[in-house]
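J.: Sending over a structure as structure tokens; questions will come in a sec.
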Amino acid sequence: MTTPSGAVLLAAPPTLHRLGLAVTLRETWPNLALDTTPDPDQLLVLLRQQSFALVIADSTVPGASLPVQLLHMRLRFPRQQILVLTGGRLPAAVRQQLVQSGYPLLSRQATPTDVIDTVGELLSQAEASALSVPRTTTRRTGPATPLSRRELEVLRLVVDDCCNQEIADRLFVSVRTVESHRRALLQKTGAKTLVGLVVQAMREGWVNVAAT
């Protein structure tokens, strides 16, 4: 089997499962560049330092903030291929959020054949995506949004986990004004929670509009 180009990052605690997964990948692709990190919560930091053809992240680590990080990663690294390992204890709401964000999920109980097929497919997609770089760049006007420019700015800071005071300081407005904008964001989008708002914003591309 042809060795895919690019490195793979395996973000999972040092368990027998991670060891078995690493062995399976190395036996299938002997020349594969495989990096590991025991702390999935460090993914955002690592992705800022290095690019990977594929990230395999274990979402079953107790107390980890990985599901929240994955929502942020879809926004900051939209072309990054990420495979999420799941277990039976993953809350249904979190699973739904990951699916809505476009992340492929793979059970930790998957057979080696399923692992190889899934990883191979994602690596092929990553390689094809890297080769399809457009020759010219055109300015995008962005998707239609029901939000104002100021509301989009507030939304971008909400996605960045800024509290009301931090948003007020960055936008030079009062905390009461920020609270008003946050209420308007929920009302205009129909989102019930801030997490739902973030998922919808990333799916629709609204936060990218705010950053342009």
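J.: Filter the trypsin sites (Lys or Arg not before Pro) in the stretch 20-115 to those in DSSP coil with at most 10 other Cβ atoms within 10 Å of their Cβ, and list the result.
T.: 79, 89
J.: Amide H neighbours of residue 34 under 5 Å, at least 5 residues apart or on other chains, H built in the peptide plane: list them.
T.: Excluding prolines and chain starts, which carry no amide H, the hits are 8.
J.: Divide, for the stretch 1-128, the radius of gyration over alpha carbons by 2.2 N^0.38 Å, where N is the residue count. Show your work: numbers first, answer last.
T.: Values: Rg = 13.5 Å, N = 128, 2.2 N^0.38 = 13.9 Å.
Compared with the compact-globule rule of thumb, the stretch 1-128 sits at 0.97.
J.: In whole Hz, with x marking every Gly and Pro, tabulate ³J(HN,Hα) for the stretch 160-166 from phi via Karplus 6.51 cos²θ - 1.76 cosθ + 1.60, θ = phi - 60°.
T.: Going residue by residue, I get 7, 6, 7, 7, 4, 5, 5 Hz, with x marking Gly and Pro.
J.: What are the extents of the Cα atoms of the stretch 33-89 along their three principal axes, in Å, largest first?
T.: Sorted from largest, the Cα extents of the stretch 33-89 read 30, 25, 16 Å.
J.: Around residue 81, which amide H atoms from residues at least 5 apart in sequence, or from another chain, sit under 5 Å from its own amide H, with H modelled in the peptide plane?
T.: 55
J.: In whole Hz and in residue order, list the ³J(HN,Hα) couplings for the stretch 81-87 that follow from phi through the Karplus curve 6.51 cos²θ - 1.76 cosθ + 1.60, θ = phi - 60°; x for Gly and Pro.
T.: 7, 9, 9, 9, 7, 10, x
J.: Separation of the stretch 86-112 and the stretch 65-84 by C-alpha centroid, Å?
T.: 13
Here, each number is a calculation from the coordinates, and none is a lab measurement. This structure is a prediction, so every number in the text was calculated from the model and none was measured. Every residue, glycine among them, receives a Cβ derived from its backbone with ideal geometry; neighbour counts consider all protein chains shown.
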